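Okay, structure first, notes after.
The values are calculated or read from the model by the stated rules, or taken from the named source; none is laboratory data. This structure is a prediction, so every number in the text was calculated from the model and none was measured. Glycine gets a Cβ as well: all are built from the backbone with ideal geometry, and neighbour counts include every protein chain shown. Ligands, DNA and RNA are stripped out before the accessible areas are found, and what is left, the full protein with its side chains, is counted by its heavy atoms. Shrake-Rupley method; radii C 1.70, N 1.55, O 1.52, S 1.80 Å.
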Amino acid sequence: MHDLAGAAAMLARHPAPTKLLADRAYDARSLRDWLAERGCEAVIPPNPTRKHPHTYDRDAYKARNLVERMFCRLKDFRRIATRYDKRADTFLAAVLIAAIVLWWIN
């Protein structure tokens, strides 16, 4: 199943952000309309196959790189990359410890 199917369900649990940064895979009219109804700006580059590509905030989209690099750094920890932990609370604890270590190093 594509991540787009669960995106609206996950976003519905939290207050609407002012901007949502996502990659081209999330370029769907349904998600854009859903975000617009909640007053959220979709910062999603258009899919190259679109006949009428839309505009997006390129400067804000560059900030997505920071998030991607953070996940990459977390996955340097083998325990997190392979998800050894069966329980969600134990996995969350491992992610938090890894984040603290990364913060301490930098």
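If I filter region 37-56 for residues that are surrounded by 12 or more Cβ atoms within 10 Å (Cβ to Cβ), touching a strand residue (DSSP E or B) at 6+ places or on another chain (Cβ under 9 Å) and acidic (Asp, Glu), do I get at least one hit?
Among the residues of region 37-56, at least one is surrounded by 12 or more Cβ atoms within 10 Å (Cβ to Cβ), touching a strand residue (DSSP E or B) at 6+ places or on another chain (Cβ under 9 Å) and acidic (Asp, Glu), which makes the answer yes.
For region 79-98, give me the residue count where each residue is open to solvent by 60 Å² or more (accessible area, probe 1.4 Å) and in a loop (DSSP other than H, G, I, E, B).
4
Go through region 48-70 residue by residue and tally those that are under 18 Å from residue 24 (Cα atoms) and in a helix (DSSP H, G or I).
Total satisfying the criteria: 11.
Return the total of residues in region 1-10 being surrounded by 10 or more Cβ atoms within 10 Å (Cβ to Cβ) and more than 21 Å from residue 68 (Cα to Cα).
0
Given (1) touching a residue at least 12 places away in the same chain (Cβ under 8 Å); (2) assigned to a helix (DSSP H, G or I); (3) within 30 Å of residue 96 (Cα to Cα), where does residue 34 come up short, assuming only one miss?
(3)
Filter region 23-36 for residues that are among the charged types (D, E, K, R) and open to solvent by less than 60 Å² (accessible area, probe 1.4 Å); which is nearest to the chain's Cα centre (by Cα)?
23
Quick check on region 44-100: of everything there that is of a type in the set (Val, Ile, Thr) and touching a residue at least 12 places away in the same chain (Cβ under 8 Å), which residue is nearest to residue 32 (Cα to Cα)?
Step by step, filter region 44-100, then rank; the result is 44.
Has region 11-22 got at least one residue that is part of a helix (DSSP H, G or I) and either of a type in the set (Lys, Arg) or open to solvent by less than 40 Å² (accessible area, probe 1.4 Å) (or both)?
Yes, there is a match, as at least one residue in region 11-22 is part of a helix (DSSP H, G or I) and either of a type in the set (Lys, Arg) or open to solvent by less than 40 Å² (accessible area, probe 1.4 Å) (or both).
Looking only at residues that are modelled with pLDDT of 90 or more and among the basic types (Lys, Arg) in region 63-78, which one is most open to solvent (accessible area, probe 1.4 Å)?
Among them, the one singled out is 78.
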